[in-house]
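Undergrad: First the structure, which I've put down as structure tokens, then a few questions once you've had a look.
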Amino acid sequence: MHRFDIASDGKRVKKDQVLKYKELFYTDDTKSNRRVYVQGEPGSGKSTFAAKLVHDWCDENRPSMAAPNKNASFDDVLIIQNFQFIFFLSLGESRGQTKVTHMIKQQIIDTMYPDEKRDVMYTLLLKIIETEECLVIRDGLDEWVAPDGSNLAEPSMAGFPKDKCVVLTTSRPWKLADERIKNSRIDILVEIEGISDSYTFSERVLRCILDKSKDLKTTAMEIRSFIEERRLTWLSNSPMLYTRVICTWVDTMEEEEHLNGSSMCALYTTFLESLCKKANDTTDFFNDLNPPHVKCFSRTSYLRPIISNVNVISKAAFHLLYSPEKEKSIVFNDQELSNYLTPSEQEFALKAGLISKRKTNRALNSSISFIHKSMQEFLTAYHIAHNEHLINDVISGYLGRHSDAYRDISQVFIFLCGLSVSAANTLSGIINEHHSKRNYSLHSLEHYAFQSTIEAGYREAVSNDQTGILLRLSHFYIVGNNLMDMNNIWRENKSNALALEIKVHDETDRAIHSSSTHSEPTSQVEFDLSSCLNLKYLVLRESGIHMQGNIYNKTT
């Protein structure tokens, strides 16, 4: 089930409950909405909604002896029985066609009847649309292309009397931002927001693909936990991508580390490929002669043919995200985007669904943004990965201009650790330097957030089999649950470490030893202090033993 925003006469009104068919087709009990538009981002469920509407109509018009349908999308399906005929058209299959009547002949009549009956059935069609109450569903306006020389923004409804025909059109928002589609011609605009109940959605998908030996409810709960822990709840806006996560989860159920062990870079590469193949479904592979810029692209099938588009869109993502004017970094307009993308490159990004474009009150500009900030951050990290000079040329200055800017850059940094650890090493040094200058307490929320970013980056690098991980950190606050990762980070930071606090009380935690020689027995984790020439603050808490001191002179 989907949630909707409703807009009428160009005015947008928030609506939390599920939209009913009556609200869709009637403004009140007397006025019928004759021009209905349903918009949504790629994979949000526009086509599924349109197909389900047809299914509900067919189901309600079955012979009365048939069992009632208990799975209808809405509880007021009797409303759509008012339509005597429904014509479902996929506009992407009728590119170059300008008249809906011709599309019906091509997509429906010509596929259902032999040659000798087609003219008769077309004549019957023209009679039906003149006399009967009809619903025409035009699915995918953004996929329709007008013929050369035509200035049409949408196919012509010539031949359909306005008092007998209701037209429901689905589209991505960018297409409806076309100034030729006037608000005055839209009776109602609804927007599919996504999945209202992710757990139920997961159960329905799992019911189709899960082995019967596996427990459905337990698996659905595990998937929900994974989504929440990885901060991927935004996927509920895209049933397509949510389904991809569920399918990937099921495919890796037998693997030792399961999907929990996979990297964020691998996951977002999957998202990127899923979106891009909607704009270009040509397949090709990276190989030894044509290697990808980043390792996680190496197993993709759809990215190599359009890698130039990905590169230029990533460049735009970077420069917009780190714009000197922060208010333009996430939401921007046509003019700002034109600084980085040509019209054809913009068209690709829109068709793929990497960016979204919507109408605004300003006639000459639209509101544009990436499908989600995290996707913009992933593309930004990809651009930095093969343009490392940008760290010193751009990001260093950005960190200097904005207080606590490491928070703005934290997710980009984590992605970068998985894409290019050498670039991440450089960036971590700059971030650590800026952070250290602020003299935050080890127990402050600011330091906790910063250290957590370094930890997450380290785990991302390990998940992507990166070598030479030299992430910089000068202040260490270590407890039992981050002991192993922080110990590994510590090894490469002993000489520049300024503060160390180790707090382990649980008897189940590993033993911690301070040693002048480095070794790591299987039952112990050791912190070698022999090279800590700059260490100024040391606190050790273990099983009730507390040692604290400020270190001013140190011999080894």
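Undergrad: Exactly one of (1) open to solvent by less than 60 Å² (accessible area, probe 1.4 Å); (2) among the β-branched types (Val, Ile, Thr); (3) out of contact with any helix residue (DSSP H, G or I) (no Cβ under 9 Å at 6 or more places or on another chain) is unmet by Val331. Its number?
TA: Of (1) open to solvent by less than 60 Å² (accessible area, probe 1.4 Å); (2) among the β-branched types (Val, Ile, Thr); (3) out of contact with any helix residue (DSSP H, G or I) (no Cβ under 9 Å at 6 or more places or on another chain), only one is false for Val331: (1).
Undergrad: Tell me which residues, restricted to region 400-450, are aromatic (Phe, Trp, Tyr), at pLDDT 80 or above and either touching a Leu at 6+ places or on another chain (Cβ under 8 Å) or surrounded by 23 or more Cβ atoms within 10 Å (Cβ to Cβ) (or both).
TA: Listed by number, the residues that qualify are Phe413, Phe415, Phe450.
Undergrad: Just to be sure I understand, how many residues within region 160-177 are open to solvent by less than 50 Å² (accessible area, probe 1.4 Å), of a type outside the set (Phe, Trp, Tyr) and farther than 26 Å from Ser238 by Cα?
TA: 3
Undergrad: Would you confirm whether or not region 38-48 contains a residue that is modelled with pLDDT of 80 or more, open to solvent by less than 40 Å² (accessible area, probe 1.4 Å), under 22 Å from Ile181 (Cβ atoms) and β-branched (Val, Ile, Thr)?
TA: yes
Undergrad: Give the residue, chosen from Glu501, Glu492, that is open to solvent by less than 10 Å² (accessible area, probe 1.4 Å) and more than 33 Å from the chain's Cα centre (by Cα).
TA: Exactly one residue qualifies, and that residue is Glu501.
Residue by residue, here is whether (1) more than 28 Å from Val331 (Cβ to Cβ); (2) open to solvent by less than 50 Å² (accessible area, probe 1.4 Å) holds:
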position: His102; (1), (2): yes, no
position: Asp110; (1), (2): yes, yes
position: Pro114; (1), (2): yes, no
position: Glu179; (1), (2): no, no
position: Leu189; (1), (2): no, yes
position: Glu193; (1), (2): no, yes
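Undergrad: Continuing with the same structure: What pairs can you find where one residue is in region 338-359 and in contact (Cβ under 8 Å) with a residue 12 or more places away in the chain, the other is among the basic types (Lys, Arg), and their Cβ atoms are less than 7 Å apart, with a gap of 6+ or different chains?
TA: Tyr340/Lys315; Leu350/Lys357; Lys351/Lys278; Ala352/Lys278; Gly353/Lys278
Undergrad: Test of understanding: among Pro305, Pro292, which residue is in a helix (DSSP H, G or I), modelled with pLDDT of 90 or more, open to solvent by less than 70 Å² (accessible area, probe 1.4 Å) and not acidic (Asp, Glu)?
TA: None of the others qualify; the one that does is Pro305.
Undergrad: State yes or no: is Thr283 assigned to a loop (DSSP other than H, G, I, E, B), β-branched (Val, Ile, Thr) and over 21 Å from Gly418 (Cα atoms)?
TA: yes
Quick grid of which residues meet (1) modelled with pLDDT of 95 or more; (2) in a helix (DSSP H, G or I):
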residue: Gly149; (1), (2): no, no
residue: Leu152; (1), (2): no, no
residue: Ala158; (1), (2): no, no
residue: Leu168; (1), (2): yes, no
residue: Trp174; (1), (2): no, yes
residue: Asp178; (1), (2): no, no
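Undergrad: Condition check: buried (at least 18 other Cβ atoms within 10 Å of the Cβ) and out of contact with any helix residue (DSSP H, G or I) (no Cβ under 7 Å at 6 or more places or on another chain). Does Ile129 satisfy that?
TA: yes
Undergrad: Modelled with pLDDT of 95 or more and either under 24 Å from the mean Cα position of the chain (by Cα) or aliphatic (A, V, I, L, M) (or both): is that true of Ile384 in this structure?
TA: Yes.
Undergrad: Checking Ala220 against (1) in a helix (DSSP H, G or I); (2) surrounded by fewer than 19 Cβ atoms within 10 Å (Cβ to Cβ), which test does it fail?
TA: For Ala220, the exception is condition (2).
Undergrad: Give just the number: which of (1) in a strand (DSSP E or B); (2) in contact with a helix residue (DSSP H, G or I) (Cβ under 9 Å, 6 or more places away or on another chain); (3) modelled with pLDDT under 70 does His513 not satisfy?
TA: Every listed condition holds for His513 apart from (2).
Undergrad: Follow-up. Determine whether region 446-462 contains at least one residue that is assigned to a loop (DSSP other than H, G, I, E, B) and within 28 Å of Gly400 (Cα to Cα).
TA: No: zero hits.
Undergrad: Taking region 132-187 as the region of interest, how many residues are of a type in the set (A, V, I, L, M) and within 19 Å of Lys52 (Cβ to Cβ)?
TA: Selection size over region 132-187: 7.
The values are calculated or read from the model by the stated rules, or taken from the named source; none is laboratory data. Computed from a predicted structure; not experimentally measured. As a convention, Cβ positions derive from the backbone with ideal geometry for all residues, glycine included, and neighbour counts pool all protein chains shown. Surface areas here come from the heavy atoms of the whole protein model, side chains and all, with no ligands, DNA or RNA. Shrake-Rupley method; radii C 1.70, N 1.55, O 1.52, S 1.80 Å.
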